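These notes concern the structure reproduced below.
Read-outs throughout are calculated quantities, based only on the coordinates presented, and are distinct from any laboratory measurement. Keep in mind that this is a model prediction, so the values were computed, not measured. In this analysis, Cβ positions are derived from the backbone assuming ideal geometry, glycine residues included, and neighbour counts consider all displayed protein chains.
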Amino acid sequence: MSARPLSVAVIGAGPAGIYAADILAKSDIETSIDLFERLPAPFGLVRYGVAPDHPRIKQIIVALYKILQRGDIRLIGNVIVGEDVTIEDLQDHYDAIIIATGSDKDSPMEIPGVDLEGSYGAADFVSWYDGHPDYPRTWPLEAKEIAVIGVGNVALDVARMLAKHPDDLMVTEIPENVEKGLRENPVTDVHVFGRRGPAQVKFTPLELRELGKVPDVDVIVYEEDFDFDEGSQEAISSSNQTKQVVNTLTDWVMRDEEFTASRRIHIHMMQSPVEILGTDRVEGIRMERTELVGDGSVRGTGEHIDYPVQAVYRAVGYFSSPIKGLPFDDVRGIIPNEEGRVLAPGGDHIPGIYATGWVKRGPVGLIGSTKSDARETIGHLVEDAKAGKFNHEPVRSGHDAMTKVLDERGIKYTTWQGWELLEAFELALGEDQGRERVKVVERDTMAAISRGEDHDGKLY
Ligand SMILES: Cc1cc2nc3c(=O)[nH]c(=O)nc-3n(C[C@H](O)[C@H](O)[C@H](O)COP(=O)(O)OP(=O)(O)OC[C@H]3O[C@@H](n4cnc5c(N)ncnc54)[C@H](O)[C@@H]3O)c2cc1C
Ligand SMILES: NC(=O)c1ccc[n+]([C@@H]2O[C@H](COP(=O)([O-])OP(=O)(O)OC[C@H]3O[C@@H](n4cnc5c(N)ncnc54)[C@H](OP(=O)(O)O)[C@@H]3O)[C@@H](O)[C@H]2O)c1
């Protein structure tokens, strides 16, 4: 190997990209690492996915912050790889590239009526309430009765955020436009639908229990939705997590109490969506009752149940976006790879290109899982570098030449120091309102504050 450090571009400053950069920086090879991020703010879904009323989880940002604050990993924000710079540009400047772009949109769902007004993807709603700069500033909260399809943790977040009274969110960092929208929300009933049984829901125990503690919101489950087959029994006996979730749901169905709250979350199971009803906009949802077949999967019974709802949120999983210049698996929604080594259509590893995080293995797993994932990818990168498996010519110029290209193209990139300016601005905004932080949403304003430039004060 040549004497100069290995220059590496990591794409995406979510947990996967930051952990990968950190593990690589601490490896036994000398490196020079640039971390590209499309937004002026780092931290990915921790900032733009984790619900605002989960401050404990948002605290993971403190650990990620410490990694980037060291200064050996350079953040280059507000740069979209595939648009502002191409993969080819990066190959010209770096020895290796690690793709950690996560999953940014909803998994498609093909049922009649899915395109009606009032039918929304959960990812879009989450991006709105978490103040993502690339999403609309207003959200049509007009429905009194709402359906949420899916029984994963995103469905729980969406149902809770829809049902929670805005005063209970004022301690959080929600931007002003989100507060305004939520104050006009007339919702009374949120119906969450799972297509399988209680032992197949994908909620985690803590998150489910939390739902039962939301002020002035009752959680209602139904006895007729409880069924267990052999697969269910196996799932309960082999996973403590499943056991806890089933226990919580069972406690709720057994309790004998009057529901007096002004808002309700109904958890329905064993019902699969057939059609979203309505002519111009959502007027209802048709579900089919299902039955377990033995291994935890279900089949339809032909019995239909219609629910009057005026909005439907599809929380059936996330999906990644392709990056121009790289292969993409349209079915799984990932960049094809073998343990993080990105594969060309013929199945060969593309030298010097790696993937990690949700874009590597799909949109499942908690933040912590991106760390072990990064360990595997970086293990292979280091192994390949030592084996001389990719281009590592002595003259590669890395960071300075790359930022020169960005300057020449007029791209207003941001840096770690810029993030610290934006962070100080958001904290000060929060202090003015007696809150810890208030997010700035407008991308141009975020970039201007980060770059120490004048801005027109438009915060969202
Ligand atoms: C709604 C929601 C709530 C969640 N809540 C929790 C929770 O409470 N606790 C928990 O443990 N896990 C939670 N998760 C899971 C957690 O967010 C993921 O495990 C984790 O964020 C995946 O990390 P990642 O880095 O792969 O992707 P991401 O976090 O999505 O990061 C990818 C980064 O890449 C950037 N990027 C994308 N494309 C480009 C491009 N072309 N050029 C440059 N940059 C690009 C993005 O802007 C983003 O910053 C939640 C997930 C969702 C969807
Ligand atoms: N607080 C937290 O810790 C938190 C918060 C949010 C997200 N996360 C994590 O982020 C990851 C992604 O969460 P997620 O909720 O998006 O995904 P998920 O856990 O995979 O849940 C997706 C849900 O959608 C259902 N579904 C999929 N296709 C469907 C269809 N066609 N019709 C009806 N239902 C359908 C699935 O049912 P089947 O099982 O039957 O397929 C499942 O219940 C998970 O690992 C989650 O734990 C964590």
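Placing +1 on the Cβ of every Lys and Arg and -1 on the Cβ of every Asp and Glu, with no other charges, gives the range 118-188 a dipole of roughly 160 debye about its Cα centre. Its Cα gyration tensor gives the range 185-313 an equivalent ellipsoid; the semi-axes, largest first and in whole Å, are 25, 21, 11.
Modelled this way, with points 7 Å down the Cα-to-C-beta line, the labels at Glu408 and Val331 are 4.3 nm from one another.
Residues whose amide H falls under 5 Å from that of Lys144, counting only those 5 or more places apart or on a different chain, are Gln310, with hydrogens built in the peptide plane.
Take the Cβ atoms of Arg4 and Glu88, set R0 to 25 Å, and the FRET efficiency comes out at 0.70.
Farthest toward the positive end of the dipole of the chain, out of Pro186, Pro140, Ser103, is the Cα of Ser103, where the dipole comes from beta carbon charges about the Cα centre. Each Lys and Arg adds +1 at its Cβ and each Asp and Glu adds -1 at its Cβ; summed about the Cα centre, the chain shows a dipole of about 980 debye. Between Glu224 and Thr250, the simple spin-label model (points 7 angstrom out along Cα→Cβ) gives 2.3 nm. Contact order for the chain, expressed relative to its length and based on alpha carbon pairs under 8 Å spaced 6+ residues apart, stands at 22 percent. Ordering Ile276, His380, Thr31 by the projection of their Cα atoms onto the charge dipole of the chain, which places +1 on the Cβ of Lys and Arg and -1 on the Cβ of Asp and Glu, puts Thr31 at the extreme positive end.
If the Kirkwood radius is taken over C-alpha pairs of the chain, then at 4 °C and 1.567 mPa s the Stokes-Einstein diffusion coefficient equals 55 µm²/s. With contacts taken as Cα pairs under 8 Å at a separation of at least 6 residues, the range 255-336 carries a relative contact order of 19 percent. When the helices of the chain are scored as -39500 (n - 2.57) per DSSP H run of n ≥ 4 and the total is divided over every residue, the value at 222 nm lands at -9500 deg cm²/dmol. Compactness of the range 180-222, taken as the C-alpha radius of gyration over 2.2 N^0.38 Å, stands at 1.41.
Beta-bridge orientation, the chain: approximately 35 percent antiparallel, per DSSP, counting only bridges with both partners inside.
Diffusion coefficient (Stokes-Einstein, Kirkwood radius over C-alpha pairs, 4 °C, 1.567 mPa s) for the range 223-291: 87 µm²/s, rounded to a whole number.
Our estimate of slack between Lys386 and Glu210, defined as 0.36 nm per intervening residue step minus the Cα-Cα distance, is 58.5 nm. As a calculated quantity, the FRET efficiency between Asp348 and Glu117 at R0 = 56 Å, using C-beta atoms, amounts to about 0.75.
For the range 264-364, the average shadow cast by the Cα convex hull is 10.5 nm², which is a quarter of the hull's surface.
Based on alpha-carbon atoms only, what is the radius of gyration of the range 9-164 relative to the globular estimate 2.2 N^0.38 Å? Computed over Cα atoms of the range 9-164, the ratio equals 1.21. log10 I(q)/I(0), Debye, Cα-only the range 80-227, no solvent, q = 0.12, 0.19 Å⁻¹? Values returned for q = 0.12, 0.19 Å⁻¹ are -0.64, -1.27. Each label point was placed 7 Å from the Cα along the Cα-to-Cβ direction; for Arg435 and Lys26 their separation is 3.5 nm.
Straight-line cross-link partners of Lys371 among the lysines, defined as a Cα under 28 Å from its Cα and at least 8 positions apart when in the same chain: Lys26, Lys58, Lys66, Lys105, Lys202, Lys243, Lys324, Lys360, Lys386, Lys389, Lys439. Can you compute the FRET efficiency between His54 and Met170 using 1/(1 + (r/R0)^6), with r the Cβ-Cβ distance and R0 = 22 Å? Round to the nearest 0.05. Computed FRET efficiency for His54 and Met170: 0.90. Compared with the dominant principal axis of the Cα atoms in the chain, helix 369-386 is inclined by about 30°.
In the range 48-110 the Cα-Cα distances spread across 10 Å bins starting at 0 as 14, 33, 35, 15, 1 percent of all pairs. Ranking Tyr129, Gly82, Ile305 by Cα position along the charge dipole of the chain, where only Lys, Arg, Asp and Glu carry charges on their C-beta atoms, puts Gly82 farthest toward the positive end.
Taken over the range 398-460, the percentage of Cα pairs per 10 Å bin, counting from 0 up to the bin with the maximum distance, is 22, 45, 23, 9, 1.
Net charge dipole, the range 331-452: roughly 280 debye, given to the nearest 20, about the Cα centre with Cβ charges of +1 for Lys and Arg and -1 for Asp and Glu. The loop-placed trypsin sites (Lys or Arg not before Pro) in the range 199-275, going by DSSP, that have at most 15 neighbouring Cβ atoms within 10 Å of their Cβ come out as Lys213, Arg255.
For the range 1-99, GluC sites (Glu not before Pro) meeting the loop criterion (DSSP other than H, G, I, E, B) and having at most 11 other Cβ atoms within 10 Å: Glu30, Glu83.
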